[in-house]
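Enquirer: Structure below; questions to follow.
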Amino acid sequence: MRRLTAIVLNTLLLATGAQARFQPFPPSFKTQAISTNGARLFVRVGGHGPAVVLLHGYGETGDMWMPLAVKLAQDHTVIVPDLRGMGLSSHPAGGYDKKNQGIDVAGVLDALKVGKVELVTHDIGNMVGYAFAAEQPARVTKFVLMDAPLPGVGPWDEILKSPLLWHFRFGGPDMERLVKGRERIYLDRFWNEFSADPKSFDEASRRHYAKLYARPGAMHSGFEQFKAFDQDTIDNKAFVANGPLPMPVLAIGGEKSLGATMAVVMRAAATDVKEVIVPHSGHWLMEENPTATISAITEFLK
């Protein structure tokens, strides 16, 4: 098994270089559906050792983590769920506030009989991970957040002024009718505008994620993630008022995206924050510069 993992990892490293190409998880990762908190989450688990949880964001699924997951599985138990309403997880009518989704994460860990974890997150996953870490700080030993702000935390109000973030208020029945059958067009906007170079988000990845987001209920659930930001802001301000996160935090920003602002956000919510800026990358760090991103994360988790 270790030899197979090494072969897969070496193949990935040769393929990634500056950019990544979409590849499925290897068969060494087992999948299961875990019912918790009114949702059924699709979860991948592989490796052995201390547990690490990887949480994805909007426009992707847990599949985005495959190169990192294979690397970490050499000495970690790697747990990769699809968030509520995304990927192959179920689409509940509600519960998309990130505090509630933190409970989803806790339920997955309880079902797997996992206690303490390291946490690596991106985009919407940052928000879910923060809620989980703020509510159960003793359960998170280290926390990596990648290139997305937290509602209500630090410079949130200034960040909201960016015209690129119009999608935060895009939703409802009419918007769902507009994107129905045009999911790829809508998602291309994110992959193109939030990358340093749109070509870095490869065609195979675009087709894969567009197909998943075209599943019944998926776009509605995606819009619900953003609709919940008002409640997330209220919850996060309460978390901050209760005190900073105690665990070591790594704040990673893309050079052509949030950059150093990612660390500014986290210093408003945690006491021990290390900053990394990934060069030649926009928001899609695992696609645009996987080598530097994986290196920063694995070094921090040592």
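Enquirer: Residues of the range 263-277 being free of Cβ contacts under 8 Å to residues at least 40 places away in the same chain and either in a strand (DSSP E or B) or in contact with a helix residue (DSSP H, G or I) (Cβ under 8 Å, 6 or more places away or on another chain) (or both), which ones?
Expert: Val273, Lys274, Glu275, Val276, Ile277
Enquirer: Would you mind finding the one in Gly171, Gly154, Gly181 that is in a loop (DSSP other than H, G, I, E, B), of a type outside the set (D, E, K, R) and surrounded by fewer than 17 Cβ atoms within 10 Å (Cβ to Cβ)?
Expert: Gly181
Enquirer: So which pairs qualify, if the first residue must be in the range 128-143 and closer than 11 Å to Glu118 by Cα, the second must be buried (at least 17 other Cβ atoms within 10 Å of the Cβ) and of a type in the set (Gly, Ala, Ser), the Cβ gap must be under 7 Å, and the two must be at least 6 apart or on different chains?
Expert: Val140/Ala133; Phe143/Gly129; Phe143/Ala133
Enquirer: Scan the range 184-226 for residues that are assigned to a loop (DSSP other than H, G, I, E, B) and on the phi < 0 side of the Ramachandran plot and jot them down.
Expert: Within the range 184-226, Phe194, Ser195, Ala196, Asp197, Phe201, Asp202, Ala214, Arg215, Pro216 qualify.
Enquirer: If you don't mind, another one. Sort through Lys99, Lys113, Lys142 and tell me the only one that's surrounded by fewer than 23 Cβ atoms within 10 Å (Cβ to Cβ), among the basic types (Lys, Arg) and within 12 Å of Asn37 (Cβ to Cβ).
Expert: One residue alone meets the criteria, Lys99.
Enquirer: Being surrounded by 16 or more Cβ atoms within 10 Å (Cβ to Cβ) and closer than 27 Å to Gly94 by Cα narrows it down to one residue among Phe201, Phe223; which is it?
Expert: Phe223
Enquirer: Considering only the range 142-164, I want to know if a residue exists there that is at pLDDT below 95 and among the aliphatic types (A, V, I, L, M).
Expert: yes
Enquirer: Could you tell me whether any residue of the range 282-297 is surrounded by fewer than 18 Cβ atoms within 10 Å (Cβ to Cβ) and in contact with an Asp or Glu (Cβ under 7 Å, 6 or more places away or on another chain)?
Expert: Checked against the condition, which is being surrounded by fewer than 18 Cβ atoms within 10 Å (Cβ to Cβ) and in contact with an Asp or Glu (Cβ under 7 Å, 6 or more places away or on another chain), the range 282-297 yields no hits at all.
Enquirer: Same structure again: Residue by residue through the range 50-82, note down the ones that are assigned to a loop (DSSP other than H, G, I, E, B), closer than 19 Å to Asp123 by Cβ and touching a strand residue (DSSP E or B) at 6+ places or on another chain (Cβ under 7 Å).
Expert: His56, Gly57, Asp82 - these are the residues of the range 50-82 that are assigned to a loop (DSSP other than H, G, I, E, B), closer than 19 Å to Asp123 by Cβ and touching a strand residue (DSSP E or B) at 6+ places or on another chain (Cβ under 7 Å).
Enquirer: Where the second residue is surrounded by 19 or more Cβ atoms within 10 Å (Cβ to Cβ) and the first is of a type in the set (Ser, Thr, Tyr) and lies in the range 33-60, which pairs have Cβ atoms under 7 Å and are six or more apart or on separate chains?
Expert: That search, which allows pairs on different chains as well, returns Thr36/Asp104; Thr36/Val108; Tyr58/Asp123; Tyr58/Ile124; Tyr58/Gly222; Tyr58/Gln225.
Enquirer: Further question: Mind telling me which of the residues Ala228, Ala260, Ala241 ends up being touching a residue at least 40 places away in the same chain (Cβ under 8 Å), within 20 Å of Asp157 (Cβ to Cβ) and surrounded by fewer than 23 Cβ atoms within 10 Å (Cβ to Cβ)?
Expert: Ala228
The values are calculated or read from the model by the stated rules, or taken from the named source; none is laboratory data. Not measured: the values here are computed from a predicted model. Cβ atoms come from the backbone with ideal geometry, glycine included; neighbour counts cover every protein chain shown.
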